[in-house]
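Accompanying notes for the structure given below.
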Amino acid sequence: MLASTLFTTTISLRATAAAIKVSTHEGNLLAGASLGGQWDLIGHSGVSAMHAIMRPFSEKVLFLERVQESTYAKVKGTSENGNGGDAFAWSTEFSTGDGKWRSLNVQSNMFCSAGGYLPDGTAVSVAGGQPSNAVEQGYDGIRLYKPCNGTQCDWQQNFDVHLQEKRWYPTVEALANGDLFILGGSNHAASINNDQINVPNFELYPPLPGPKKTVDFPFLTETLPSNLYPIVHLLPDKNLFILASTKAIILSTSTWKIIKQLPDIPGPPRNYPLTAGSVLLPLTPENGYEPEVLVCGGATEFSTQAKGVASCGRIAPLSKNPVWEMEDMPFGRMMPDMAHLADGSIAILNGADTGTAGFDRASDPVLHPVQYLPNEKRGSRFRVWNPSVIARMYHSVAFMLPDASLLVAGSNPNGKPVKYGEGPFPTEYRVERFSPPYLFPHSTIAQGEIVAWPTKIHYGETFEISLEWYNTYPENIRVALLQPGFITHSTHMSQRYVGLEIVQRGTKIESADANEDGNADADPLERNKGGLAEAGLVRVKAPATSGLASPSHYMIVVVLDGVPVVEAKWIQLAA
């Protein structure tokens, strides 16, 4: 019955896709035309995917939902029996392998929460929303999903351990020591922040040492009212880039003082509810691990008639004289998700071109994903890909999976609970996979897989990866660590892409070498004088410092001549 409902809805949307307003975008496609990629429906999320975080060393994703009596999942439910149990569920564990899910038990409202990973791989959800008859208030909640080998892992919450402040729409970023930095928010549910509910401070999890557990941060008073879900990125010097409204600064993580004022980003405020997207561009050996922040899209004003912003700003915050380099996307977009891809490019997708973030406030969905190429010259960085037929509006998510495709899910723009499939933009439970064009290479391109790798590495360590490929010997290899982070409300917390230095590659051997007697040498390592005789072996160096990548779990991504390997592998980076 589930599959029938799922695919009937898909057919209906395909039949009515023309009714979704996309005409304002079509005229701009030629400016960055490169249509390609494929959309596939892969399952049902059970709950609306307002928040998402991957479970390390697996293909599973945790979806988090607000407390509402209109989800499909029940507390004892599974894909086969979604209505099992007596009460609604508000979180599920979704398998990207078979598209099935199981319900998780939630004790406090996760609505509008934030999160990340602890160094041991524990997924953390902090903050949330108001209480209900079903669960406790989640404003100061701390919920943990600890690594386990079984199939019945679940959220755990100790109500004696909680945040120092009640927070709605805060941001979390992993620090260089693995602690979680928790910034801002409001202490009550609201459409837009104000003096009465603003929380202008930050705290850590685990908590700061000493009696004072929060640090005052007047910057969040100066940037009212559009400063919820502030943009935060860990920089290689271990300090934090922070953008709220239009103002940007660098915050020291040793003194907790602002150490650098950056120029204001041109255009309107870029935080909730005029929601833009942001990403720390790939840190790679080629760019000397120089950090650059990219901020794209947003809304012109807090109005249902606001227009999507096309502008993107790019800044190198640690440069001597940082400035915002501005350029336009092919079309405007508010509430975009910006996700790292395996090849070092950025996918920009989801969102709308009219209205603002919030329930029942946006229309005109933007269905085309856009690729951003950081290494191209300004004016040549955008490519437009094939559209979905599903509108992904408020409360959508997107991020890269181990197979280098994008998982795309969510969309719950309806303030009042609606029945499944109702409304101009229904609450979505369908999960899509978008395969970028790099997954459809020419047959002569090297395609391969990782066959051996360490599951744990340390800073500065040189380690080996063993590869196999199916066609030609790859001339170019890229190796990187990628973490999707915790995703909600277009804010990708702790998302990171760190390119690794390739120290040595195995020698390309067409056939066995013959010795002076005419016989093949039986010892290739001896023949190669201690080098990597096997062509598939690659020696790479782990990040040198925790400023480049905090201690955590990452996917190790390998790209052969522009084509990702079949599956990235999970790896733990430890001090």
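The values are calculated or read from the model by the stated rules, or taken from the named source; none is laboratory data. Because the structure is predicted, anything quoted here is derived from the model rather than measured. Neighbour counts are summed over all protein chains in view; Cβ atoms, including those assigned to glycine, are modelled from backbone coordinates with ideal geometry. Please note that ligands, DNA and RNA were not included when accessible areas were found on the heavy atoms of the full protein model with its side chains. Shrake-Rupley method; radii C 1.70, N 1.55, O 1.52, S 1.80 Å.
Given a Förster radius of 41 Å and the C-beta distance between SER380 and SER252 as r, what FRET efficiency does 1/(1 + (r/R0)^6) yield to the nearest 0.05?
0.65
Just report the Cα centroid separation between the range 43-87 and the range 121-183, whole Å.
What the calculation gives is 17 Å, centre to centre.
Karplus couplings for the range 286-294 from phi (6.51 cos²θ - 1.76 cosθ + 1.60, θ = phi - 60°), rounded to Hz, Gly and Pro as x?
After applying 6.51 cos²θ - 1.76 cosθ + 1.60, I find 5, 9, x, 6, 7, x, 9, 10, 10 Hz.
So how strong a dipole does the chain carry about its Cα centre when Lys and Arg Cβ are +1 and Asp and Glu Cβ are -1, to the nearest 20 debye?
1380
Residue by residue, what Karplus-based ³J(HN,Hα) values in Hz, rounded to whole numbers, does the range 564-575 have, using 6.51, -1.76 and 1.60 with θ = phi - 60° and x for Gly and Pro?
Per residue, the Karplus-derived 3J(HN,Hα) values read x, 5, 4, 8, 5, 10, 6, 8, 9, 9, 10, 6 Hz.
In the structure displayed, which of LYS260/LYS456; LYS541/LYS569; LYS100/LYS307; LYS213/LYS320; LYS257/LYS541; LYS166/LYS257 lie more than 28 Å apart, Cα to Cα?
Listed pairs above 28 Å: LYS260/LYS456; LYS100/LYS307; LYS213/LYS320; LYS257/LYS541.
Please work out the C-alpha center-to-center distance from the range 435-471 to the range 303-371 and express it in whole Å.
30
For the pair PHE159 and ASN81, what calculated FRET efficiency results from E = 1/(1 + (r/R0)^6), where r is the Cβ-Cβ distance and R0 = 51 Å, to the nearest 0.05?
With a Förster radius of 51 Å, E is 0.95.
Before rounding to the nearest 500, sum -39500 (n - 2.57) across all DSSP H runs of length at least 4 in the chain and divide by the residue total; then give [θ] at 222 nm in deg cm²/dmol.
-1000 deg cm²/dmol
For the chain, what is the largest minus smallest coordinate of the Cα atoms on each principal axis, given in angstrom and ordered from greatest to least?
Sorted from largest, the Cα extents of the chain read 86, 57, 50 Å.
Out of all DSSP beta bridges in the chain, what portion is antiparallel? Express it as a percent rounded to 5.
For the chain, the DSSP antiparallel bridge percentage is about 95.
Roughly how many nanometres apart are two label points built 7 Å out from the Cα toward the Cβ at THR300 and THR221?
3.4
Scan around GLY129 for amide H atoms under 5 Å from its own, H built in the peptide plane at 1.01 Å from N, and keep only partners 5 or more places away or cross-chain.
ASN109, MET110, PHE111, GLY138, TYR139
Determine, for each peptide in 364-370, 94-100, the mean count of other beta carbons within 10 angstrom over its residues, then list the peptides with the highest first.
Sorting 364-370, 94-100 by mean packing, highest first, produces 364-370, 94-100.
Quick one: go through the range 220-237 and flag any residue whose amide nitrogen is under 19 Å from the point 7 Å out along the Cα-to-Cβ line of ASP264.
220-228, 230-231
Measuring from label point to label point, each 7 Å out along Cα→Cβ, what is the LYS307 to ASP98 span in nm?
5.0
Calculate the radius of gyration of the Cα atoms of the range 107-228 to one decimal place, then report Dmax, the largest Cα-Cα distance, as a whole number, both in Å.
Rg, Dmax (Cα atoms, Å): 14.5, 48.
So, R0 is 41 Å and r is the distance between the beta-carbons of SER191 and LYS213; what FRET efficiency does that work out to, to 0.05?
It comes to 0.90.
Can you give the angle from 0 to 90° between the axis of helix 2-16 and the longest principal axis of the chain, with both taken from C-alpha atoms, to the nearest 10?
80
List the chymotrypsin sites (Phe, Trp or Tyr not before Pro) within the range 38-93 that DSSP assigns to loop and that have no more than 16 neighbouring Cβ atoms inside 10 Å.
PHE57
Which loop trypsin sites (Lys or Arg not before Pro) in the range 314-390, with loop taken from DSSP, have no more than 14 other Cβ atoms within 10 angstrom of their Cβ?
Filter output for the range 314-390: LYS320, LYS377, ARG378.
Can you list the cysteines of the chain that have no other Cys Cβ under 4.7 Å away?
Within the chain, the cysteines lacking a partner Cβ under 4.7 Å are CYS112.
Averaged per residue, what accessible surface does the chain expose to a 1.4 Å probe, in Å²?
Spelled out: the 1.4 Å probe surface of the chain, per residue, equals 38 Å².
Under a Cβ-Cβ cut-off of 14 Å, what is the net charge of the residues other than GLY129 that fall near it, where Lys and Arg count +1 and Asp and Glu count -1?
Summing Lys and Arg as +1 and Asp and Glu as -1 gives +1.
Output ³J(HN,Hα) for the range 461-466: one whole-Hz value per residue in order, computed from phi by the Karplus curve 6.51 cos²θ - 1.76 cosθ + 1.60 with θ = phi - 60°, and x for Gly and Pro.
Here the 3J(HN,Hα) series is 6, 8, 9, 10, 10, 9 Hz.
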